[in-house]
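Everything on this sheet refers to the single structure shown next.
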């Protein structure tokens, strides 16, 4: 009689992994998904919220200087933008230059950022309208759009000078950083502007977001900055393709522009000012790169060499007439 021998069962065949290993796998997958959501969803949304809700930083809110501290008489003024935002500012009458300069400050700052250089130029005969941009200083609340809607603040300042003050002065726009980009875009849409002084402007919205993501977060522009740009656009309700300083310079045409940059500014390097200068059609446009102590700090061309800065601006204003 033949014995039927059965094969011994192969151990571990079709055997489930240990329970702890299955749990670990689920935890790892969950952590990866969570990290992706945080890095490419929650984090860029939070940064976009910070940018679009930007206001004057605490250290600037503690500043108290006014034009009176420099011996200038001034008026507190208020005017409304085309989209209904109340803008607060100071108006200082012009002297023998019969020119009023409208000053637009940068992100997280206030009208006081440009006060000292405005007073330097006032002593030379130039009037000043310094204002707080939307959501900054004493001006009304609004979403910040890195220059796009801020151009409406600058345009409102020009209308205020013409329609309410009835000024016959030549009007020049002077902006720094975000304010410089806003001034360029405003001048492109406002024929009443005779000239522009652009200190530390960016090239365009995409370029500046990508650059700052790489510089501060040490992340590749793609795909993180795509998400950040998307959320900023959504919260600000604007088309970022229209936030383009190069295009604005071209649309300004033959009106003169002075482009300024601090020599070692990593955020808005001199190469940007050079490219904007090359885009200008005016033979009276000029380029000023300022070296000196502090020129590695963003927007600190004036602080690096105040005399050179003011002398250069004064020469430009004289030649731009």
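Each reported figure results from applying straightforward, stated rules to the coordinates on display, with no laboratory input. Remember, predicted model here, so these are calculated numbers, not experimental data. Here the Cβ positions follow ideal geometry from the backbone for every residue, glycine too, while neighbour counts run over all protein chains shown.
With respect to the chain, whose longest principal axis is taken over its alpha-carbon atoms, helix 43-52 is tilted by about 10°.
Could you state the angle between the C-alpha long axis of helix 19-37 and the longest principal axis of the C-alpha atoms of the chain, as a value from 0 to 90 degrees rounded to the nearest 10? The answer is roughly 20 degrees.
Among rounded, prolate and oblate, which fits segment 159-307 when a ≥ b ≥ c are the square roots of the eigenvalues of its C-alpha gyration tensor, a/c under 1.5 means rounded, and a/b larger than b/c means prolate?
Working: a/c = 1.98, a/b = 1.27, b/c = 1.55.
Oblate, because a/c is 1.5 or more while a/b does not exceed b/c.
Averaging sequence separations of C-alpha pairs under 8 Å and six or more residues apart, then dividing by the length of segment 227-321, give the relative contact order as a whole percent. The value is 25 percent.
Just the C-alpha atoms of segment 54-97: what Rg/Rh do they give, with Rh taken as the Kirkwood radius? Mind dumping the intermediate values first?
Numbers: Rg = 13.6 Å, Rh = 12.9 Å.
Using Cα coordinates only, the ratio equals 1.06.
For helix 150-159, what angle does its Cα long axis make with the longest principal axis of the chain, in degrees from 0 to 90 and rounded to 10? Tilt of helix 150-159: around 20 degrees. The order of 150, 189, 113, going from fewest to most other C-beta atoms within 10 Å of their C-beta, is 189, 113, 150.
Across the chain, C-alpha contacts under 8 Å between residues 6 or more apart give a mean separation that, scaled by the residue count, equals a relative contact order of 14 percent.
Dimensions of segment 146-202 along the principal axes, based on C-alpha atoms and rounded to the nearest Å, stand at 33, 19, 15, largest first.
Sort 265, 210 so the one with the fewest other Cβ atoms within 10 Å of its own Cβ comes first. Don't skip to the end; give the middle numbers.
Values: 265 23, 210 19.
So the ranking, lowest neighbour count to highest, is 210, 265.
Please report how far the C-alpha centroid of segment 203-264 lies from that of segment 293-313, rounded to the nearest whole angstrom. So the separation of the two Cα centres works out to 23 Å.
Counting alpha carbon pairs within less than 8 Å and at least 6 residues apart, what relative contact order, in whole percent, applies to segment 55-98? Can you show the working numbers first?
On the way: 32 pairs, mean separation 12.7, N = 44.
Worked out over segment 55-98, it gives 29 percent.
The ranking of 311, 120, 96 from fewest to most other beta carbons within 10 Å of each one's beta carbon is 96, 311, 120.
Convex hull volume of the Cα atoms in segment 176-250, per residue, in Å³? Mind showing how you got there, number by number?
Numbers: hull volume 6.8 nm³, N = 75.
About 90 Å³ per residue, rounded to a whole number.
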